[in-house]
Each structure stands twice: as structure tokens, then as C-alpha cells.
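All of the numbers you see were taken from the coordinates with simple rules; none came from a lab. These numbers come from a predicted model, not from an experiment. Cβ placement follows ideal geometry from the backbone for every residue including glycine, while neighbour counts extend to all protein chains displayed.
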Amino acid sequence: MRRKSLILWAWLACPCLILSSTGTAQALEVTGWYNDGWDNESHAVYLKYHDLFTEVNPYWYNLETSDGHIYERAYVYDPQKVKEIHAQGDLIIPAIGDGTKGQIDAILLNTHAQNNLIENLAKVVKERNYDGWDLNFEGGSSEVQKEFAEFVEKLAHRLHQEKKRLHVTLK
């Protein structure tokens with residue numbers, strides 16, 4: 001089956017909504033990325049309109065180092081938010097980005113760092129009761145496309161063992 005995606009920009013608290021339909025039934029999945037930084041505005045908007053969503057992608061993580069460690073933005077993660085999203089019957093699949101240009105390249109070119117990142121992502125998804133990850137690595141170069149594809153395949157395999165999802169956001 002083919003999958004169609006339409007990106008709509010909404011500048012309330014959810015900067016981007018992705019609407020996806022699959023197959024002939026045209027079932028919709030609505031996901032919303034948000035970033036609660038200094039306040040809880042994005043989460044409040046989600047709760048107000050929760051019946052429109054099937055999935056939430058909070059931007060709570062970045063790569064921390066080039067050896068595969070990840071940085072959780074302590075000022076935004078809240079286990080209560082995870083419970084509230086699951087209580088609405090929605091999935092929570094946080095986004096992780098690369099904060100520094102070339103950082104993901106260094107990880108992809110180092111097998112040890114790749115394995116560290118995969119294990120760190122698998123550990124956090126399980127500990128935090130997430131439903132998967134959304135990779136948002138925009139600072140990589142085209143020279144590591146092959147390594148990136150191999151990394152995504154390995155990470156997907158690892159997450160699928162835990163019945164978790166993997167999304168990949170490409171620029």
C-alpha cells in the first residue's frame with residue numbers, strides 16, 4: 001500500500017502537524033510535534049484538542065556527545081505528560097535532534113558510538129514508557145547516507161523487538 005503525507009504548518013503550540021492516510025479506507029493518523037520549553041503551552045493545547053491526535057512528538061531530546069549519549073531536556077520531560085497522553089489513547093514518540101552540524105556524521109562513522117546510541121535510545125524508550133522515537137537529524141551530510149540507512153535499519157530492528165516504532169524526519 002502507498003502512504004500519502006501532507007504537512008500543515010500551524011503556529012499555535014504545535015509547529016507542525018502531519019496528516020497521513022493509508023490504503024483505500026483513508027484512515028487518518030494525526031501527529032503533532034511540540035516543544036514545551038519555558039512553559040507548558042504546547043501540552044495544554046494538546047490536551048484541549050486531544051481528540052484530534054493519534055500521536056504526539058515532543059521535542060525533548062538532542063544528541064549530547066559524538067559517542068552516542070543523548071541529552072534529555074530536564075526542564076521539559078514530565079512523566080505526568082506521558083501518562084496524560086497515554087490516557088487519551090495516543091502514542092508518545094519523542095523527537096531527538098542533532099544539536100551540532102556533523103555530530104551525527106561522527107556517530108555514524110564510529111561503530112562503537114552507533115551501538116551506544118542505539119542502546120541509549122532503546123533504554124530511554126523503555127524506561128520512559130515511550131512508544132518509539134522520531135529521529136530528526138538534520139545536521140548530517142550526504143557523504144554518510146549509506147551509514148545512516150544502516151543505522152536506521154539497526155535501530156528499527158532493536159526498537160521493533162520491544163514493539164516500539166521508529167520515525168525518521170528528513171530535511
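Below is a table of values for the structure above.
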| quantity | calculated |
| --- | --- |
| DSSP bridge pairs, the stretch 50-130: antiparallel proportion in percent, nearest 5 | 40 percent |
| Proximal charge balance of Ala122 [Cβ under 11 Å; K/R count +1, D/E count -1] | +2 |
| Prolate/oblate/rounded label for the stretch 41-110 (Cα gyration tensor, a/c 1.5) | prolate |
| Proximal charge balance of Ile96 [Cβ under 11 Å; K/R count +1, D/E count -1] | -3 |
| Fraction in percent of alpha-carbon pairs per bin - 10 Å, the stretch 37-164 | 13, 42, 31, 14, 1 |
| Zone residues, the stretch 129-165, relative to Glu41, backbone N less than 16 Å from point 7 Å out along Cα-to-Cβ | none |
| Charged-residue dipole, Cβ positions (Lys, Arg, Asp, Glu), the stretch 39-118 about Cα centre, Debye nearest 20 | 20 debye |
| Residue among Tyr77, Tyr46, Thr65 farthest towards the positive dipole end of the stretch 30-95, charges placed on Cβ | Tyr46 |
| Contour excess over end-to-end distance, with Cα ends at Arg128 and Ser142 and 0.36 nm allotted per residue | 1.8 nm |
